Amino acid sequence: MQLSKDDFGADFTWGVSAAAYQIEGAHQTGGKGASVWDTFSNTKGKIKSGETGNVACDFYHKYAHDLLLMHQLHIPNFRFSISWSRVLPNGTGFVNRSGIEFYNRLIDFCLELDIEPWITLYHWDLPYELEKKGGWANREIIDWFNEYVQLCISRFGDRVKNWMVLNEPMVFTGAGYFLGIHAPGKRNLRSFFAAAHHAALCQAEGGRLIRSLKSDCKIGTTFSCSHVEPLTQDADDISAAVRMDTLMNRMFIEPLLGLSYPVKDLPLLERMGEFILPGDEQKLAFDMDFIGIQNYTREIIRYSRLVPLINAKIVSAGRRNVETTAMDWEVYPESIYHLLKKFGAYPGKTQLIVTENGAAFPDILSDGVVADEKRIKYLQSYLKQVLRAKQEGVNVNGYFVWTFLDNFEWAEGYRPRFGLVHVDFSTQKRTIKNSGRWYKNFLDAATY
Ligand code: GCO
């Protein structure tokens with residue numbers, strides 16, 4: 001089947017996604033305060049090969065050049081995030097004018113080029129001053145976050161029509177407060193549950209606040225998700241897969257939809273109870289205009305007595321002899337189909353948008369060309385599955401490639417390259433990869 005943009009319909013949104021800390025650099029420029037990712041990546045041993053996001057793609061200085069490249073590839077929508085500590089260096093209080101001006105320039109230039117900005121308010125870079133007070137594990141985060149959201153909407157809401165409250169709460173609370181592999185590097189179950197509950201409250205409160213300040217915009221929030229399957233049909237593996245699926249895919253969306261935390265399928269979540277105050281249950285729910293789905297792979301799960309709390313273990317793709325990306329994630333296009341069907345089946349049928357999908361491969365730049373045919377194949381095969389779900393009636397209406405530029409891949413450093421555009425991090429030279437040209441041709445081909 002030949003894939004055509006036409007099949008997705010005229011009102012389908014196409015774009016690329018990025019995040020402030022992964023691209024901006026300029027970590028101490030223009031009055032920016034430190035974020036948890038600044039301190040984490042500058043702590044020895046936290047990031048593979050000792051890299052930091054101090055410079056990253058230097059997007060702070062090169063944004064105009066990069067937007068021109070995006071325009072050249074005819075990409076009509078750009079999802080990016082605001083660095084909280086660039087606009088509020090201490091997290092609350094003092095507003096940094098040059099931070100505001102940077103985002104004003106960025107937004108204005110997007111609009112000048114006919115690129116629609118889609119802003120994620122929180123993509124993991126909490127101001128370090130707030131982490132010192134407990135960060136997401138401190139319930140005061142709700143007030144801190146409201147102040148930040150209010151500032152962003154009041155300064156940028158006149159021009160920005162699409163807002164996402166949080167990026168992947170499961171990842172920043174789980175990897176940040178329980179596994180300790182992401183900022184702020186905590187390993188504490190209670191902190192994780194506190195952070196998770198506060199993030200779930202903020203995602204809904206943030207949505208409510210935006211709607212109260214601005215009625216004419218689209219509000220969403222995004223979730224990481226992976227299609228989960230049991231290793232065998234043994235009852236133990238099946239129930240282990242249910243627990244993992246609940247943790248990875250259901251824990252944050254269900255309270256948002258008014259369905260409460262899925263405690264029945266993951267009794268461990270009862271421990272969150274100590275952080276839930278009277279009245280919270282209602283506050284967790286908010287009627288988003290869209291839900292952002294972010295998918296890369298699937299996970300195969302087996303029962304394990306040795307893994308505490310959840311008794312379930314991921315069987316890594318490396319052990320399964322399957323095709324993988326540079327992240328060691330399985331290439332499994334049907335994953336996105338299953339997830340769209342799953343999220344599409346929730347009551348309310350909120351619109352879904354794929355706010356991230358893409359792949360890292362060991363790209364080689366040779367004679368000015370990056371022949372990343374594997375990425376093209378990956379994107380095409382996942383898109384076919386998005387279309388399949390749409391044709392079966394799922395309310396999915398957008399797709400954003402992760403990502404435009406090769407960038408700082410968190411604890412993995414710069415090795416995994418996800419971009420449609422290659423970045424030479426020693427010279428900051430950009431080179432459009434074959435996948436970038438493919439995306440342009442795909443976006444151009446439609447005839448309405
Ligand atoms: C996410 C992450 C991205 C990652 C990407 C690849 O939202 O999943 O925020 O920042 O870079 O997912 O791992």
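The values are calculated or read from the model by the stated rules, or taken from the named source; none is laboratory data. In this text the structure is predicted, and so the values were computed from the model without any measurement. When we count neighbours, we look across all protein chains shown, and the Cβ atoms used for this are built from the backbone with ideal geometry, even at glycine. Please note that ligands, DNA and RNA were not included when accessible areas were found on the heavy atoms of the full protein model with its side chains. Shrake-Rupley method; radii C 1.70, N 1.55, O 1.52, S 1.80 Å.
Sorted on the mean count of surrounding Cβ atoms within 10 Å across their residues, most packed first, peptides 137-144, 248-255, 430-437, 260-267 read 248-255, 430-437, 137-144, 260-267. Sorting the segments 95-102, 225-232 by their residues' average number of neighbouring beta-carbon atoms within 10 angstrom, most packed first, yields 225-232, 95-102. Of all DSSP-defined beta bridges confined to the stretch 235-364, some 50% are antiparallel rather than parallel. Taking every DSSP beta bridge that has both ends in the stretch 287-363, the antiparallel portion is near 50%.
Using the Karplus relation 6.51 cos²θ - 1.76 cosθ + 1.60 with θ = phi - 60°, the per-residue 3J(HN,Hα) values for the stretch 185-194 come to x, 8, 10, 7, 4, 5, 4, 4, 5, 5 Hz, with x marking Gly and Pro.
Of all the options Thr173, Thr29, Thr427, the one that moves most in a Gaussian network model of the chain with Cα springs shorter than 10 angstrom is Thr427. For the stretch 273-355, just say rounded, prolate or oblate: build the C-alpha gyration tensor, square-root its eigenvalues into a ≥ b ≥ c, call rounded for a/c under 1.5, and beyond that prolate if a/b exceeds b/c, oblate if not. Oblate, since a/c reaches 1.5 and b/c is not below a/b. For the chain, the share of DSSP beta bridges that are antiparallel, to the nearest 5, is 25%. For the chain, a Gaussian network of Cα nodes joined below 10 Å ranks Phe193, Phe156, Phe94 by mean-square fluctuation, and the top entry is Phe94. Just the protein heavy atoms count here, and of the accessible area of the chain at 1.4 Å, carbon and sulfur take up 51 percent. For the stretch 387-448, the gyration tensor built on C-alpha atoms gives an oblate shape. Its axis ratio a/c (a ≥ b ≥ c) is at least 1.5, and a/b is not larger than b/c. Sites listed here are GluC sites (Glu not before Pro) in the stretch 291-352 whose DSSP assignment is loop and whose Cβ has at most 15 other Cβ atoms within 10 Å: Glu323. Accessible surface of Glu274, taken over heavy atoms with a 1.4 Å probe and every protein chain present, rounds to 110 Å².
Taking amide H positions as modeled 1.01 Å from N, with prolines and chain starts lacking one, the residues under 5 Å from Arg79 and 5 or more places away or on another chain are Val16, Ser17, Ala18, Trp118. Between the amide H of Lys433 and those of Val421, His422, distances stay under 5 Å, these residues lying 5 or more places away or on another chain, with hydrogens modeled in the peptide plane. Which shape class, rounded, prolate or oblate, goes with the stretch 178-248 when its Cα gyration tensor gives a ≥ b ≥ c as root eigenvalues, a/c under 1.5 marks rounded, and past that a/b bigger than b/c marks prolate? Oblate, because a/c is 1.5 or more while a/b does not exceed b/c. The listed residues His198, His71, once ranked by accessible area (1.4 Å probe) with the largest placed first, stand as His71, His198. First select every other residue whose beta carbon is under 12 angstrom from the beta carbon of Tyr332; then total the charges, Lys and Arg +1, Asp and Glu -1. The answer is -3.
Determine the distance separating the Cα centre of the stretch 51-98 from the Cα centre of the stretch 195-234; give it in Å without decimals. So the two Cα centres are separated by 23 Å. Here the Gaussian network model covers the chain, with springs between Cα atoms less than 10 Å apart; of Gly176, Gly31, Gly206, Gly31 fluctuates the most.
Close amide H pairs (under 5 Å, H built 1.01 Å from N) link Thr324 with Val331, residues at least 5 positions away or on another chain.
Centroid-to-centroid, using Cα positions, the stretch 295-313 and the stretch 151-178 are 28 Å apart. For the stretch 314-331, 3J(HN,Hα) computed residue by residue from phi via the Karplus equation (6.51, -1.76, 1.60; θ = phi - 60°) reads 7, 8, 5, 4, x, 8, 10, 6, 10, 5, 10, 9, 5, 8, 6, 9, 5, 7 Hz, glycine and proline entered as x. Using the rule -39500 (n - 2.57) for each DSSP H run of four or more residues, divided by the residues of the chain, the 222 nm mean residue ellipticity is -10000 deg cm²/dmol. Applying the Karplus relation 6.51 cos²θ - 1.76 cosθ + 1.60 with θ = phi - 60° to the stretch 338-350 yields 3J(HN,Hα) values of 4, 5, 5, 5, 5, 6, x, 8, 5, x, x, 6, 4 Hz, where x marks Gly and Pro.
The mean accessible area for residues of the chain, using a 1.4 Å probe and ignoring ligands and nucleic acids, is 39 Å² per residue.
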